[in-house]
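**Q** Provided herewith is a single structure, encoded as structure tokens, for subsequent inquiry.
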């Protein structure tokens, strides 16, 4: 507790802590002074990453396994281990350390154990971890990427494993074009991890069927919100600044269009009652939609035609406009009380895949990092309950300290590879 209070005091004295009220305001201070270039702030971020990784390693078992996670959907031994291993690699723990080597050996053993009972999330995470083994470029203490000394040579064993996992994902695609757990319909969350897995496989040299990607893109586009509020299209926060508000606008407008987990779902309660759930548009799912489009776009590469590329980029920026218009870092916008750190990690992912430094007038990384660091506990982990007060006294839905710590570290480490995606041409205003 004392360490956490000290960190919060240091952040506050430097003007770094994001309060609940700040999370919804323009980032005028961040625009005037880029904290990403401030050595003290960068050191603070690096220290938070190191403490988070250290806490995760303290939970690693002697066998190399990280403790599994279980919920009503299933028992995620393989997936939780892959997520923690992926996190320590991107968190900068040495690849040749005994902890990382044990974790990678255990990853293969767990894959062999669960090969006939895998989930979409798990397969995506295993592929991401294999890709990170060869291509991850963690941040150093100065906030710079640690470059590999030579081009990695992927082992035949890892390529074979990646190939089998990619085939599994492609065969589990639902007729509508998206993915599920793998059965029982299709949703955008599982789809996001399937897309991430297939992109990782491609980076490992595994061919991916373009038809699979095309079907995914068509369905993700079809599920985007129809219509949507017109909001200022803020292409470049340095382009124009409003004197009084600190807000920077490009002068044109764009429709803010989000995504849902799925339109509706019928579930059965423990006493046999069937309940129809209608899902809202949310930050976590809008970030997933943007990410799926960005990944599909880069996976198709040169095979994508210009008209399709324009539609994809337009849909991505309309998703970013939804995030801009519903900005909230203290909770999952549109779905309060549900998976807040999953939303924050999704924010990192969609922003990096879009290649944007600002979402609207918000420096997403500075604001998000400050929000996350303020909630880190003295032992380096992030708690299941942060500073959230959802309306109506509803229960806050979390995964676990271990899962949220992984999401927090992956955000701070900016773990998602950046894609410089050209913004669409928006006319009118």
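Where a number appears in this text, it was derived from the coordinates with a stated rule and is not lab data. Just so we're clear, the structure is a prediction, and the values are computed from it rather than from any experiment. Note: ideal-geometry Cβ built from the backbone for every residue, glycine included; neighbour counts use all protein chains shown.
**Q** Full extension from residue 357 to residue 109: what is 0.36 nm times the residue separation minus their Cα-Cα distance, to one decimal in nm?
**A** Gain in length upon complete extension: 85.3 nm.
**Q** Rounded, prolate or oblate: which fits the stretch 159-209 when a ≥ b ≥ c are the square roots of the eigenvalues of the alpha-carbon gyration tensor, with rounded for a/c under 1.5 and prolate only if a/b beats b/c?
**A** In terms of gyration-tensor shape, prolate.
**Q** Normalized C-alpha radius of gyration of the stretch 55-145, against 2.2 N^0.38 Å?
**A** Compared with the compact-globule rule of thumb, the stretch 55-145 sits at 1.07.
**Q** Determine the shape class of the stretch 127-206: with a ≥ b ≥ c the square roots of the Cα gyration tensor eigenvalues, call it rounded for a/c under 1.5, and otherwise prolate if a/b is greater than b/c, oblate otherwise.
**A** It comes out oblate by the Cα gyration axes.
**Q** If a paramagnetic tag sat 7 Å from the Cα of residue 328 along the Cα-Cβ line, which residues of the stretch 264-279 would have the backbone N under 16 Å from that point?
**A** It comes to 279, nothing else.
**Q** Right, here's the next one. Using a ≥ b ≥ c from the Cα gyration tensor of the stretch 247-373 (square roots of the eigenvalues), is it rounded, prolate or oblate, where a/c under 1.5 gives rounded and otherwise the larger of a/b and b/c decides, a/b for prolate?
**A** Oblate is the answer for the stretch 247-373, as a/c is 1.5 or above yet b/c matches or exceeds a/b.
**Q** Continuing with this model, one more query. Please arrange 128, 35, 95 by counting, for each residue, the other beta carbons lying within 10 Å of its beta carbon, fewest first.
**A** Lowest to highest Cβ neighbour count: 95, 35, 128.
**Q** Once the piece of chain linking residue 210 and residue 34 is laid out straight, how much longer is it, given 0.36 nm per residue of separation minus the C-alpha distance between them?
**A** Answer, rounded to one decimal: 59.3 nm.
**Q** While we're here: Can you give the FRET efficiency to the nearest 0.05 for residue 183 and residue 218, using r as the Cβ-Cβ distance and R₀ = 22 Å?
**A** According to the calculation, E is roughly 0.55.
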